[in-house]
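One structure is given below, represented as structure tokens, and several questions about it will come after.
The values are calculated or read from the model by the stated rules, or taken from the named source; none is laboratory data. Treat the numbers as computed from the prediction; the structure is a model and nothing was measured. FYI the Cβ positions are ideal-geometry reconstructions off the backbone, even for glycines, and counts take in every protein chain you see. Accessible surface is based on the protein model in full, side chains and every heavy atom, while ligands, DNA and RNA are left aside. Shrake-Rupley method; radii C 1.70, N 1.55, O 1.52, S 1.80 Å.
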Amino acid sequence: MIKMDKNMNNLQIAVYEFIAAYTNIEKNNIIKGWQSTSLLPADSENYAVFTVINERRRGTNVEEYDPASEKVRVTKSNIISVQIDIVAKTNRQAQVNAAMLETMARSSYGVDFFKKYDIGLLYADDARAMEQISKTDNFVNRYMLMLHLEEINAVTVSQDYFDKVEVNTVLADGKV
């Protein structure tokens, strides 16, 4: 059986749990990305595959100085696009599962869900029918939607400073 991968990062765990919470797909049938060479469930035609498609910077760095600790916190915002493919025995099952994710991702409940993981849920694209023919020439009922998430990376560094200045005046001819 496929289980939650122990090597998943925080974002992958959040997406995995989001799919588990708002679809009727069994947790063992939620698979981390096509790139992980995971096997599809042999005993079920109902599963979800989520894949990080793109990660890009959003805006410029933000620097915040904390005088109490004499440190600077530098943050960078990343937008992460996650594709979720929903496969089901019937087209209607795939569509309903995708619609449930899309609906929750466009609600305050979805935002609050990801907030627990320190991830911002920005928006979700419309779910789309993406039926295909498998390698065995079978028709596969598949819907796909894209979640757009935000993660903040932060680095804290010590800020060099001085608290005394000694000023000396020197004339151009070297005489004071």
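Any residue in segment 113-126 that's open to solvent by 50 Å² or more (accessible area, probe 1.4 Å): show its pairings with residues that are among the small types (Gly, Ala, Ser) at Cβ separation under 8 Å, as long as the two are six or more apart or on different chains.
Lys116/Ala14; Tyr123/Ala105
Yes/no matrix, rows are residues, columns are (1) more than 17 Å from Ser81 (Cα to Cα); (2) modelled with pLDDT of 80 or more:
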site: Gly110; (1), (2): no, yes
site: Phe114; (1), (2): no, yes
site: Lys135; (1), (2): yes, no
site: Asn138; (1), (2): yes, no
site: His148; (1), (2): no, yes
site: Tyr161; (1), (2): yes, no
site: Asn168; (1), (2): yes, yes
site: Asp173; (1), (2): yes, no
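Something else now. So, in segment 112-125, of the ones that are assigned to a loop (DSSP other than H, G, I, E, B) and charged (D, E, K, R), which residue ends up nearest to Ala20 (Cα to Cα)?
Step one: filter segment 112-125 for residues assigned to a loop (DSSP other than H, G, I, E, B), giving 116-119, 125.
Within this subset, residues satisfying the condition of being charged (D, E, K, R) are 116, 118, 125.
Working: Lys116: 15, Asp118: 19, Asp125: 19 Å.
Selected residue: Lys116.
Let me ask something additional. Residues that are touching a Lys or Arg at 6+ places or on another chain (Cβ under 9 Å), free of Cβ contacts under 8 Å to residues at least 12 places away in the same chain, open to solvent by 60 Å² or more (accessible area, probe 1.4 Å) and not in a helix (DSSP H, G or I): does segment 127-137 have at least one? Don't jump to the end; show me each part of the working.
The first filter runs over segment 127-137 and keeps only residues touching a Lys or Arg at 6+ places or on another chain (Cβ under 9 Å), leaving 129-132.
Imposing the further condition that a residue be free of Cβ contacts under 8 Å to residues at least 12 places away in the same chain reduces the set to 132.
After this cut, where a residue has to be open to solvent by 60 Å² or more (accessible area, probe 1.4 Å) as well, the list is 132.
If we keep only those that are not in a helix (DSSP H, G or I) too, we end up with 132.
Yes, the conditions are met somewhere in segment 127-137.
Do we find that Tyr109 is open to solvent by 80 Å² or more (accessible area, probe 1.4 Å), without any contact (Cβ under 8 Å) to a residue 60 or more places away in the chain and either closer than 18 Å to Ile31 by Cβ or not in a loop (DSSP other than H, G, I, E, B) (or both) in this structure?
It is true that Tyr109 is open to solvent by 80 Å² or more (accessible area, probe 1.4 Å), without any contact (Cβ under 8 Å) to a residue 60 or more places away in the chain and either closer than 18 Å to Ile31 by Cβ or not in a loop (DSSP other than H, G, I, E, B) (or both).
Which of the residues that make up segment 138-176 are more than 30 Å from Lys76 (Cα to Cα), open to solvent by 70 Å² or more (accessible area, probe 1.4 Å) and assigned to a strand (DSSP E or B)?
Hit for segment 138-176 is Phe139, nothing else.
Please go through segment 71-94 and give me each residue that is over 18 Å from the mean Cα position of the chain (by Cα) and open to solvent by 50 Å² or more (accessible area, probe 1.4 Å), ordered by number.
Residues of segment 71-94 that are over 18 Å from the mean Cα position of the chain (by Cα), as a first pass: 71-74, 87-94.
Within segment 71-94, Lys71, Arg73, Lys89, Thr90, Asn91, Arg92, Gln93 meet the criteria.
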